[in-house]
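Below is one structure, written out as structure tokens; the observations come after it.
The values are calculated or read from the model by the stated rules, or taken from the named source; none is laboratory data. From a predicted model like this one, the values you see are computed outputs, not experimental measurements. All Cβ positions, glycine included, derive from the backbone under ideal geometry; neighbour counts span all protein chains shown. Only protein heavy atoms, including side chains, enter the accessible area calculation; ligands, DNA and RNA are left aside. Shrake-Rupley method; radii C 1.70, N 1.55, O 1.52, S 1.80 Å.
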Amino acid sequence: MAEVKVKPEVPDPMDIESRILELCHQFPHGITDQVIQNDMPHMEAQQRAVAINRLLSMGQLDLLRSSAGLLYRIKDSQNASKMKGSDNQEKLVYQIIEDAGNKGIWSRDIRYKSNLPLTEINKILKNLESKKLIKAVKSVAASKKKVYMLYNLQPDRSVTGGAWYSDQDFESEFVEVLNQQCFKFLQSKAEAARDSKQNPMIQRNSSFASSHEVWKYICELGISKVELSMEDIETILNTLIYDGKVEMTIIAAKEGTVGSVDGQMRLYRAVSPLIQPTGLVRTPCGLCPVFDDCHEGGEISPSNCIYMTEWLEF
């Protein structure tokens, strides 16, 4: 008897497009391709690309760039209607600001790209701000520097400093609390593995925790007033790695697994150093992740290193 092959059901392209639009409405600041992939893990990459390209061509989505990669965001028809009646100069400035995405753009750069007088640019910026089409955001890189971006965009971490900054001030105490709680969670995981009395290999494997598990634990504690992402928690875990308290390994993960990125998952576990680190390693330079970029006269240099200053004062 011949074997009967069942042809896999092909999803309706309209259903795919509808679901992508639903995700964009759920996340108004934009979604990445990974979000779509996690939501519809059984959909082929070609089907996903066709649906996205069709939505872009119909003008239903905007394509933006961010630190996380490409973002797909629902097109704001309200903004388009607000621009009706604006002159060409105002539309040009708006387009330049829109192209800058969530990293924003300085007024001097707008002047350079538009070839308009600074007085005219300032007038246009105030007008666009009054219409709530754009907003000015202070950058942590320079206290007196403001960048302009579309009103409904969430500023990039490079502008606001992310969860670690409040009103342009670095929240060192908040970072320290997160550091302690992340390490405490990994320590309890390691102690539970040791108490299981199983063979050493099983104990070692069960002592690991994914960044998603640590993120979930921190969220459930409720110690943060701001919404933390997995990337924020991985930044904290990286500081623990630099301190020699934690080690990380990367394993292959099935597509769509929670906490996985591009088929890989990062796992962390608390470790106890066999020997004390040498004096040189205890200096800021011994653990600095940007050591190779540090040189006198550069953006990162020993003369303006706050960590070196604090270490010398201690």
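Which condition number does LEU274 fail, the rest of (1) modelled with pLDDT of 80 or more; (2) surrounded by fewer than 12 Cβ atoms within 10 Å (Cβ to Cβ) being met?
(1)
Got a sec? Which helices (runs of 4 or more DSSP H) wholly within the range 147-217 have at least 1 residues that are surrounded by 13 or more Cβ atoms within 10 Å (Cβ to Cβ) and within 27 Å of the chain's Cα centre (by Cα)? Can you show your working first?
Values: elements: 157-160, 172-195, 200-206.
In the range 147-217, the matching helices (runs of 4 or more DSSP H) lie at 157-160, 172-195.
What are the residues in the range 52-89 that are open to solvent by less than 40 Å² (accessible area, probe 1.4 Å), over 25 Å from the mean Cα position of the chain (by Cα) and modelled with pLDDT of 65 or more, if any?
GLY59, SER86
Can you tell me which residue within the range 243-260, out of those that are in contact (Cβ under 8 Å) with a residue 40 or more places away in the chain and surrounded by fewer than 13 Cβ atoms within 10 Å (Cβ to Cβ), is nearest to CYS182 (Cα to Cα)? Walk me through how you get there before you give the answer.
Residues of the range 243-260 in contact (Cβ under 8 Å) with a residue 40 or more places away in the chain: 243, 245-246, 249, 255-256, 258-259.
Those left that are additionally surrounded by fewer than 13 Cβ atoms within 10 Å (Cβ to Cβ): 249, 255, 258.
On the way: THR249: 17, GLU255: 26, VAL258: 19 Å.
Only one residue tops the list, namely THR249.
Determine, yes or no, whether GLU176 is over 15 Å from ALA270 (Cα atoms) and either modelled with pLDDT under 90 or touching an Asp or Glu at 6+ places or on another chain (Cβ under 7 Å) (or both). Step through it out loud before you land on a result.
Numbers: over 15 Å from ALA270 (Cα atoms): yes; either modelled with pLDDT under 90 or touching an Asp or Glu at 6+ places or on another chain (Cβ under 7 Å) (or both): yes.
Answer is yes for this residue.
Cβ contacts < 7 Å: first residue in a loop (DSSP other than H, G, I, E, B), restricted to the range 107-122; second residue surrounded by 14 or more Cβ atoms within 10 Å (Cβ to Cβ), any location; separation 6+ or different chain. Result?
Qualifying pairs under 7 Å: LEU116/GLN89.
Looking at the range 255-265, can you tell me whether even one residue there is part of a loop (DSSP other than H, G, I, E, B), at pLDDT 85 or above and polar (S, T, N, Q)?
Taking the range 255-265 as the starting set, the residues that turn out to be part of a loop (DSSP other than H, G, I, E, B) are 255-260, 262-263.
After this cut, where a residue has to be at pLDDT 85 or above as well, the list is none.
No, every residue in the range 255-265 fails to be part of a loop (DSSP other than H, G, I, E, B), at pLDDT 85 or above and polar (S, T, N, Q).
Conditions tested, residue by residue: (1) at pLDDT 85 or above; (2) β-branched (Val, Ile, Thr); (3) assigned by the TED database to the domain that holds GLU255; (4) part of a loop (DSSP other than H, G, I, E, B).
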| site | (1), (2), (3), (4) |
| --- | --- |
| GLU3 | no, no, no, yes |
| VAL6 | no, yes, no, yes |
| SER18 | yes, no, no, no |
| LEU21 | yes, no, no, no |
| HIS29 | no, no, no, yes |
| ASN38 | yes, no, no, no |
| HIS42 | no, no, no, yes |
| GLN46 | yes, no, no, no |
| ALA49 | yes, no, no, no |
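Taking the range 105-119 as the search range and keeping residues that are touching a helix residue (DSSP H, G or I) at 6+ places or on another chain (Cβ under 7 Å) and either among the hydrophobic types (A, V, I, L, M, F, W, C) or open to solvent by 40 Å² or more (accessible area, probe 1.4 Å) (or both), which one is modelled with the lowest pLDDT?
From the range 105-119, those touching a helix residue (DSSP H, G or I) at 6+ places or on another chain (Cβ under 7 Å) are 105, 107, 110-111, 113-114, 116, 118; that's our starting set.
Within this subset, residues satisfying the condition of being either among the hydrophobic types (A, V, I, L, M, F, W, C) or open to solvent by 40 Å² or more (accessible area, probe 1.4 Å) (or both) are 105, 110-111, 113, 116, 118.
Values: ILE105: 89, ILE110: 88, ARG111: 87, LYS113: 83, LEU116: 86, LEU118: 87.
Going through the qualifying residues, I end up with LYS113.
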